[in-house]
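Encoded as structure tokens, the structure appears first; notes follow it.
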């Protein structure tokens, strides 16, 4: 079997706030310095839709994937992107209140009329108790929902199907879908994985309560190392478990970024780790293989 490429050193991802944007140069403020990036004609921008770099304005929060062949050149830019994944608590008019699984954290999705039909094609039950996973533009504590990140499971969050039968070697190699989340109380460029099955003895406070969920997975603790391979790009990286992705256990869906992944979410990466492995944030997932204990 051919050896896959491994990402080494800096992951090639920058995050920050736009200070200035011209057709050829993007200036962003990072946590520790100001960075100027070249924008060749090939640079792609997402700002709710595919857009031109001139749509970027001061104050936009950006995630930038750098060109691997040219220093200081932006290959891909996402502006103000956000995601809400969780259980619907309430719906009132065009707004939806969502329990995202972290204690005390509830998020609001606002769905404008232009996006409502697109989202409801894949999320027909926008009712309390059902799961939702939507990508859009973050405006403070609110997401303007634009893109359904997956198809809505047919069951309520309290009625997750039983896990599939444990396969040989499944305890050390897991196949399924890798998704992304915005770090909470950590920098946007933080690396790591929210793992769906943290050992309950570690005291993680995320909801829902511990249980097998859709996919049978071994218990791990914070600090465990996992080798994550993006089957769509061939890139892999060893990442640290930094928290619990309990909500991912409830989604018995598949990723179809390249082919069709096995059912179930096996990792929820920070957005920087997801982008470093070649993931496209607006698509929401990539087909992944996770090696435990590498």
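Tabulated values for the structure
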quantity: Of the criteria (1) buried (at least 18 other Cβ atoms within 10 Å of the Cβ); (2) at pLDDT below 90; (3) farther than 17 Å from residue 157 by Cα, which one residue 201 fails; calculated: (1)
quantity: Single condition residue 120 does not satisfy, out of (1) in contact (Cβ under 8 Å) with a residue 40 or more places away in the chain; (2) surrounded by fewer than 19 Cβ atoms within 10 Å (Cβ to Cβ); calculated: (1)
quantity: Residue count for region 13-52, restricted to those that are assigned to a loop (DSSP other than H, G, I, E, B), touching a strand residue (DSSP E or B) at 6+ places or on another chain (Cβ under 7 Å) and under 24 Å from residue 270 (Cβ atoms); calculated: 4
quantity: Flag for residue 105 being out of contact with any strand residue (DSSP E or B) (no Cβ under 7 Å at 6 or more places or on another chain) and either in contact (Cβ under 8 Å) with a residue 12 or more places away in the chain or over 14 Å from residue 142 (Cβ atoms) (or both); calculated: yes
quantity: Of the criteria (1) surrounded by fewer than 20 Cβ atoms within 10 Å (Cβ to Cβ); (2) part of a strand (DSSP E or B), which one residue 77 fails; calculated: (1)
quantity: Residue match in region 53-64 (condition: free of Cβ contacts under 8 Å to residues at least 24 places away in the same chain and either closer than 26 Å to residue 185 by Cβ or not in a helix (DSSP H, G or I) (or both)); calculated: no
quantity: Residues that are buried (at least 23 other Cβ atoms within 10 Å of the Cβ) and more than 23 Å from residue 75 (Cβ to Cβ), drawn from region 254-267; calculated: 261, 264, 265, 266, 267
quantity: Pick from region 1-34, criterion modelled with pLDDT under 90 and touching a helix residue (DSSP H, G or I) at 6+ places or on another chain (Cβ under 8 Å), ranking: farthest from residue 59 (Cα to Cα); calculated: 7
quantity: Matching residues in region 237-260 - criterion: being under 18 Å from residue 133 (Cα atoms) and part of a loop (DSSP other than H, G, I, E, B); calculated: 245, 251, 252, 253, 254, 255, 256, 257
quantity: In region 268-294, residue modelled with the lowest pLDDT [restricted to those that are surrounded by fewer than 24 Cβ atoms within 10 Å (Cβ to Cβ) and part of a strand (DSSP E or B)]; calculated: 292
quantity: Residue in region 28-45 that is outside the structural domain of residue 186 (by TED's automatic domain parsing), within 23 Å of residue 178 (Cα to Cα) and crowded, with 21+ Cβ neighbours inside 10 Å present; calculated: yes
quantity: Condition met for residue 89 (modelled with pLDDT of 95 or more, farther than 25 Å from residue 52 by Cβ and not assigned by TED's automatic domain parsing to the domain that holds residue 232); calculated: yes
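The values are calculated or read from the model by the stated rules, or taken from the named source; none is laboratory data. Quick caveat: nothing in here was measured; it's all calculated off a predicted structure. Neighbour counts are summed over all protein chains in view; Cβ atoms, including those assigned to glycine, are modelled from backbone coordinates with ideal geometry.
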